[in-house]
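K.L.:
Let me begin by handing over the structure; questions about it come next.
The values are calculated or read from the model by the stated rules, or taken from the named source; none is laboratory data. Because the structure is a prediction, the values reported are computed rather than measured. Cβ coordinates were reconstructed from backbone atoms using ideal geometry, including for glycine residues, and neighbour counts include every protein chain displayed. These area figures cover heavy atoms from the full protein model, side chains too; ligands, DNA and RNA do not enter into them. Shrake-Rupley method; radii C 1.70, N 1.55, O 1.52, S 1.80 Å.
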Amino acid sequence: MQNLNTNKSINQYDVCIIGGGASGLTASVILAKRGFKVVILERLVKIGRKVLVSGNGKCNLMGTGNLSEKYNTDEVLKILDDKINEKIEAFFNEIGVYLKLDKNRYYPYSGQSSTVLNAFLKQITNLNIDVMTLSEVVSISGHSPFQISTSNGTKYVAKNIVLTSGS
């Protein structure tokens, strides 16, 4: 999939998300649902590549237990609360992915990672999120608005940037 929504004449956004993996897809959906105009810039030819291979193709979405206890800093407690697992499950249910528990891990009920990626792609289309693939960010300048330049020569302007570059 390349450039799901291409509109070359308008490159101004509320939020530019750098990275089209699981975090970038999640952030884009949440922000677009809150009314922000969003673009995802992905350096690869497709978004969500690692979603498809996570959990040996079953897409492990989260584990059981208190997520905040899995970090080695108290700073994470400022972000996460004791309801975070329920919120994660509610998010996936809202986009049409229902979860099942298997050996202390949650997977899509279908047992297939493609279910998760397809749900994200449907949301991206329905929420009019622009996706620009083969668009590696080579420079960022300015400050709210930021000027973002990509490897293919396209420039974007965004009030905010979310960096979700993954591993």
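K.L.:
Can you tell which of 103, 87, 37 shows the greatest fluctuation in a Gaussian network model of the chain with Cα springs below 10 Å?
P.N.:
Most flexible of the set in this elastic network: 103.
K.L.:
May I pose another question? Compactness ratio of segment 111-167: Cα Rg over 2.2 N^0.38 Å, N = residue count? Intermediate values should be presented prior to the final figure.
P.N.:
Working: Rg = 14.2 Å, N = 57, 2.2 N^0.38 = 10.2 Å.
Relative to the 2.2 N^0.38 Å estimate, segment 111-167 comes out at 1.39.
K.L.:
Over segment 46-134, what lengths in whole Å, largest first, do the semi-axes of the equivalent ellipsoid take, defined as the square roots of 5 times the eigenvalues of the alpha-carbon gyration tensor? Spell out each step's value before the answer.
P.N.:
Working: eigenvalues 117, 57, 35 Å².
Equivalent ellipsoid of segment 46-134: 24, 17, 13 Å, largest first.
K.L.:
Relative contact order, percent, of segment 22-101 when contacts are C-alpha pairs under 8 Å separated by at least 6 residues?
P.N.:
That works out to 16 percent.
K.L.:
Can I ask one more? From largest accessible area down, sort 17, 79; use a 1.4 Å probe on the protein chains.
P.N.:
If we order 17, 79 from most to least accessible, we get 79, 17.
K.L.:
Keeping every protein chain present and rolling a 1.4 Å probe, give me the accessible area per residue for the chain in Å².
P.N.:
Accessible area per residue, the chain: 58 Å².
K.L.:
OK, next. For the chain, what percent of Cα pairs sit more than 26 Å apart? Don't skip to the answer; put the middle values down first.
P.N.:
Values: 4430 of 13861 pairs.
It works out to 32 percent of all Cα pairs.
K.L.:
Can you pull the accessible area of residue 101 for me, 1.4 Å probe, Å² to the nearest 10?
P.N.:
Number for this one is 100 Å².
K.L.:
Moving on. Compute, for segment 14-167, the length of the dipole vector about the Cα centre, with Cβ point charges of +1 (Lys, Arg) and -1 (Asp, Glu) only. Units Debye, rounded to 20.
P.N.:
With only Lys, Arg, Asp and Glu charged at Cβ, the dipole is about 380 debye.
K.L.:
Report, as a whole number in µm² per second, the diffusion coefficient that Stokes-Einstein gives for segment 9-64 at 10 °C and 1.306 mPa s using the Kirkwood radius over alpha carbon pairs.
P.N.:
The diffusion coefficient I find is 127 µm²/s.
K.L.:
Moving to a separate point now. Tell me, what % of the accessible area of segment 68-167 is carbon and sulfur with a 1.4 angstrom probe?
P.N.:
Reported share for carbon and sulfur atoms: 49 percent.
K.L.:
Sticking with this one: Would you work out which of 148, 62, 134 lies farthest towards the positive end of the dipole of the chain? Charges go on Cβ: Lys and Arg +1, Asp and Glu -1.
P.N.:
Of the listed residues, the answer is 134.
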